[in-house]
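What follows is one structure encoded as structure tokens, with my remarks underneath.
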Amino acid sequence: MLRILHVGLGPLGVKIVTDLHERGLGRVVAAVDVAPPLAGRKLADVVAGLQSDVVVRADLDVDPRSYDAAIVTTSSDMGACAPTFHALLERGATVVSTCEELSWPYLRHAALARDLDALARKTGGRLLGTGVNPGFLMDAFPVAATAISRSVRGVEVHRFQDASSRRIPFQKKIGVGLDDAQFSAQVAAGTLRHVGLGESLHFVAARLGLKVSRWEEDIAPVYADRDLPSGLGLVPEGRICGVRQEARGYDGHRLVVNLKFQAAIGQQDPHDRVIVDGVPAIDLVWRGGVQGDIATSAITLNAIAALRAAPPGLHTMATIPLVSCTPPAS
């Protein structure tokens, strides 16, 4: 049974802790969150239904011999997570994080990625960024689908999801309930966007040997075509109910990787789709789409065993053994 150090007790972190115990995979032996409302509280008071004597602490001063792996669910920004990653890797920890930029860290944080990799190799630590997206649906899964391909000329991936059942922070991140001015201001501030589309694009291109000489990404609001209930309250018709993003990678003038992401309250025909221009041609569709919170928690926990089996260093989903559903501990 896994002994887990868990860092970050927002809604996603709480779900992962809940699933860890409910799935019988292990238990949290130490929990960390610097937020004043959480630090010092019993973990059982933060995670409903959990039986635990663990007290949430505000620091990482935990004996590394007391846990088998650490889970970090604090920020999408790799730079913001860097001090936590450094502290854990200095102790030789195995770390799985939902930090989106960590899924392909060489895009925006190449120097930091090299430093973290060198530190992990020195101390025997391991670090992986994963999740449902980025981490699987728009990167690892399309790449895996090409295992039967003789050749690949290009890849297109769609993720159109109904955000009605997603956690509140996710609904905020996609602009639910905003007007145009608020949407534009938050986009400019970098607080409103799906983080990781560029990382997914470069992961796919690197793994499939698709040259990307330039790439671009754009973002636009999705408007409610009727009054819609949401976790943030009623979204009136004509108000923003979500976000549309697209990332395109070109080899010269030829489009080789095209990722289309749309998340909105009341999204019609939600689905996930992978289209491979190759031999053979591939067109895979998940009707209804994949519920992101359930899948993110699952893949985070499922990836621990594969990461522990990998050599020390900074990893991506392409450099660890195949991740699959982890059965309960016997």
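Derivation of every value follows stated rules applied to the coordinates shown; laboratory data play no part. From a predicted model like this one, the values you see are computed outputs, not experimental measurements. With ideal geometry, Cβ positions are generated from the backbone for all residues, glycine too; neighbour counts draw on all protein chains shown.
For this structure, a couple of remarks:
- Under 5 Å from the amide H of residue 256 lie the amide H atoms of 249, 250, 251, each residue being 5 or more positions distant or on a separate chain, with H modelled from the backbone and absent for Pro and chain starts.
- Taken over the C-alpha atoms, segment 140-289 has Rg and Dmax values of 16.6, 50 angstrom.
- Taken one residue at a time, the phi angles of segment 260-269 give Karplus couplings (6.51, -1.76, 1.60, θ = phi - 60°) of 10, 10, 9, 10, 8, 5, x, 3, 7, 6 Hz. Gly and Pro are set to x.
- Alpha-carbon Debye profile of segment 168-253, log10 I(q)/I(0) at 0.12, 0.15, 0.17, 0.27 Å⁻¹: -0.45, -0.62, -0.73, -1.26
- Amide H contacts for residue 223 (H built 1.01 Å from N in the peptide plane; partners 5 or more residues away or on another chain; cut-off under 5 Å): 241.
- Under 5 Å, built H, 5+ apart or other chain: amide partners of residue 4: 27, 28, 29, 30, 68
- Rounded to the nearest Hz, the phi-derived 3J(HN,Hα) couplings of segment 98-110 under the Karplus curve 6.51 cos²θ - 1.76 cosθ + 1.60 (θ = phi - 60°) are 8, 4, 4, 5, 6, 5, 9, x, 6, 6, 10, 9, 4, where x marks glycine and proline.
- Full-stretch length increase - residue 19, residue 58 - with 0.36 nm per residue and alpha-carbon distance subtracted: 11.8 nm
- Summing charges over all other residues whose Cβ lies under 9 Å from the Cβ of residue 237, with Lys and Arg as +1 and Asp and Glu as -1, gives 0.
- Placing R0 at 41 angstrom, the Cβ-Cβ distance between residue 87 and residue 269 gives a FRET efficiency of 0.40 after rounding to 0.05.
- A cut-off under 15 angstrom between Cβ atoms defines the neighbours of residue 226, and their net charge, with Lys, Arg +1 and Asp, Glu -1, is -3.
- Across 211/260; 15/122; 122/211; 15/173, pairs whose alpha-carbon gap is larger than 27 Å: 15/122; 122/211
- When you count the other C-beta atoms within 10 angstrom of each residue and take the mean per peptide, 22-35, 53-66 line up highest first as 22-35, 53-66.
- Here the relative contact order of the chain, from alpha carbon pairs under 8 Å that lie six or more residues apart, stands at 20 percent.
- Value in Å of the Kirkwood radius, where segment 231-312 supplies the Cα pairs that are averaged: 16.5
- Calculated Rg and Dmax of the chain using C-alpha coordinates, Å: 19.8, 59
- All Cα-Cα separations within segment 1-112 were binned at 5 Å from zero, giving a P(r) of 2, 12, 24, 25, 19, 11, 5, 2, 0, each value a whole percent of the pairs.
- The spacing between segment 10-59 and segment 198-234, judged by their C-alpha centroids, is 31 Å.
- Footprinting exposure proxy for 41, 273 (fewest neighbouring C-beta atoms within 10 Å first): 41, 273
- Which of 150, 159, 91 has the fewest Cβ neighbours within 10 Å, and the rest in rising order: 150, 91, 159
- Straightening the chain between residue 285 and residue 34 buys 86.3 nm, computed as 0.36 nm per residue apart minus the Cα-Cα spacing.
- Note, ³J(HN,Hα) from phi for segment 238-249, Karplus 6.51, -1.76, 1.60, rounded to Hz, x at Gly and Pro: x, 7, 6, 10, x, 9, 10, 10, 9, 10, 10, x
- Net charge contributed by nearby residues that have their C-beta within less than 10 Å of residue 108 (K/R +1, D/E -1): -3
- For segment 53-171, taking Cα atoms only, Rg and Dmax work out to 17.0, 55 Å respectively.
- P(r) tail fraction, segment 105-191 - alpha-carbon pairs more than 17 Å apart, %: 71
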